[in-house]
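> Below you'll find the structure I mean.
Coordinate-derived values only; no laboratory data. Keep in mind that what you see is a predicted model, and the values were worked out from it rather than measured. Here the Cβ positions follow ideal geometry from the backbone for every residue, glycine too, while neighbour counts run over all protein chains shown.
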Amino acid sequence: MSLITLGLNHKTTPLELRERLAFTPQNQREALNSLIKVNGVTEAAIVSTCNRTELYCVLHSDNQASEDAHNDDDQRLIEWFSGFHGLEPSTLENHLYIHDHKQSIRHAMEVASGLDSMVLGEPQITGQMKQAYIMASHEGTVGQLLGKLFQHAFSVAKQVRTDTAIGSSPVSVAFAATSLARQIFGDLNDSTALMIGAGETIELAARHLQSQHIKKIIVANRSLERAQLLAEEFDGEAISLQHIGDYLYRADIVIASTASPLPVLGKGTVESALKERKHSPIFMVDLAVPRDIEPEVNSLDDVYLYTVDDLQEVINENLQNRQQAAEQAHEIIDEKVEHYLDWQRSLVAVDVISELRSTAMDFSDAVLKKSMKQLASGQSPEDVLTFLAHTLTNKFLHQPSTELRKAGEEERHDLIQAARRLFIDKSTD
């Protein structure tokens, strides 16, 4: 049995094609049950996010199979993948990557640890992989090899986050803004945030603030309807842009990101808010280009104003920190890949041990039955025990003795040494 991973991601495929090749929660179950029926596939799981779609499969063929056999396996998966989405296989040319057995093990661990993500070290992918694993398990398409692979990957991801600084430094402007707010205010449980704008960046920043248990979120936007939709997600309050001056005094944190060509928040409005706040400090982040907050606001006491350029310096420094942490993570993964391979190689021994024990039990049961009959017929216990011991010894050693004599004739010294190590040499105890 061998593992194979076939997929595409943000590095190999443009968004337009990724969207067409993504699996939805509605059709992923259907896809799993279809994929497992592809010739040669014995286990299957599908990971599908906005940045990647990947098929993790176990195939009948092993690592020693011919190159032609591997190529046939690859082609069947490509044809299934493209066909499921109603595309020609040629559409996927130059976009797919295919990993063989050992590469698949390493890739799964790297993905789960956030080392293959658009944002290095982002933690969301671990949860997305867990959801994919749960779905495949529920559909019965995960077996021993994939089950162990995913569990191994989750364990590695946890160790990487514990033993390295891969996730400790913010590398998005929204995350960086939230981290700076925590540095200034510490606990955000009693803080109120005014979010100016209602786009993707503001939404992401609001989610980060919510994860830090912000007390209140107010969303100000040109479209009040859009502000209300976003505010509802965070149990917040919505206002229009023209009412910012009426609410600013309540805000400990202000994050702005609109498409306005002119500033939407001026120095005078901020001065008035500070008076009402009795000069309690306000932390402001202007993520817009052109700027939403007048630069002169930075001259005011009790205002901490950061622009997107200020945050970028923080992000660049933190990216370097994450790169260093990623190198440590790869060292962990190197070790864990070998652990998985050791476990898989041990499966052969497990099967042999099971067969050996089964054979021994059959021998024992048969001889014990004869011994019980001898006791019942009146033979002495001493004679019966002697018969039992001699018969079991002869039965257990007959096949090994025959094979060892043959090994001697054929000069199979490796087999003879293995027998010595297994049954005679006590130095290995």
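> Taking 7 Å along the Cα-to-C-beta vector as the label spot, tell me the residue 320-residue 1 distance in nanometres, rounded to one decimal.
About 4.7 nm separates the two model spin labels.
> What's the FRET efficiency of residue 354 with residue 401 using the Cβ-Cβ distance as r and R₀ = 25 Å, to the nearest 0.05?
Numbers: r = 23 Å, r/R0 = 0.91.
Computed FRET efficiency for residue 354 and residue 401 comes out at 0.65.
> Hey, which of these cross-link pairs are over 24 Å Cα-Cα: 11/37; 130/215; 216/275; 11/148?
Listed pairs above 24 Å: 11/37; 130/215; 11/148.
> Shape verdict for region 375-429, please, from the Cα gyration tensor: rounded (a/c under 1.5), prolate (a/b greater than b/c) or oblate.
Working: a/c = 6.05, a/b = 2.27, b/c = 2.66.
Because a/c hits 1.5 or more and a/b fails to exceed b/c, region 375-429 counts as oblate.
> Now for a different question. Once you have a ≥ b ≥ c as the square roots of the Cα gyration tensor eigenvalues for the chain, tell me rounded if a/c is under 1.5, and otherwise prolate or oblate according to whether a/b is larger than b/c. Don't jump to the answer; show the numbers that get you there.
Numbers: a/c = 3.24, a/b = 2.53, b/c = 1.28.
Prolate.
> Another question, if that's okay. Could you please rank 392, 115, 194, placing first whichever residue has the fewest other Cβ atoms within 10 Å of its Cβ? Intermediate values should be presented prior to the final figure.
On the way: 392 17, 115 22, 194 27.
Neighbour counts put them in this order, fewest first: 392, 115, 194.
> Further, regarding this structure: Rounded to the nearest 0.05, what FRET efficiency do residue 131 and residue 232 have when you use their Cβ-Cβ distance and R0 = 41 Å?
Working: r = 25 Å, r/R0 = 0.61.
After rounding, the FRET efficiency stands at 0.95.
> Ranked by Cβ crowding within 10 angstrom, fewest neighbours first, how are 250, 322 ordered? Before the final figure, lay out each step's value.
On the way: 250 15, 322 24.
Lowest count first: 250, 322.
> Fewest to most neighbouring Cβ within 10 Å: what's the order for 201, 91, 53?
In order of increasing Cβ crowding within 10 Å: 91, 201, 53.
> Sticking with this structure for a sec: Between region 275-327 and region 3-42, what's the alpha-carbon centroid distance in Å?
Cα centres, region 275-327 to region 3-42: 40 Å.
> Label points 7 Å out from Cα along the Cβ direction at residue 225 and residue 289: separation in nm?
The answer from the label model is 3.1 nm.
> Also, I was wondering about something else. Given R₀ = 41 Å, FRET efficiency for residue 365-residue 414 by Cβ-Cβ distance, to 0.05? Numbers along the way, then the final one.
Working: r = 33 Å, r/R0 = 0.81.
Approximately 0.80, to the nearest 0.05.
> Please give every one of the aspartates and glutamates within straight-line cross-link reach of residue 395, meaning a C-alpha to C-alpha distance under 19 Å, and leave out same-chain neighbours fewer than 8 residues apart.
Cα-Cα hits under 19 Å: 355, 362, 365, 383, 403.
> At residue 331 and residue 200, where each label point lies 7 Å from the Cα along Cα→Cβ, what is the point-to-point distance in nanometres?
Inter-label distance under the simple model: 3.6 nm.
> Please label the shape of region 173-315 as rounded, prolate or oblate, based on the square roots a ≥ b ≥ c of the eigenvalues of the alpha-carbon gyration tensor (a/c under 1.5 means rounded; beyond that, a/b larger than b/c means prolate, else oblate). Display every interim value, and only then the final one.
Working: a/c = 1.15, a/b = 1.07, b/c = 1.07.
The shape class here is rounded.
> Here's another thing I want to ask about it. Per residue of the chain, what 222 nm ellipticity follows from adding -39500 (n - 2.57) for every DSSP H run with n ≥ 4, rounded to the nearest 500? Could you put the intermediate results ahead of the total?
Numbers: 14 runs with 240 residues, N = 429.
Taking each H run of at least 4 residues, the total per residue is -19000 deg cm²/dmol.
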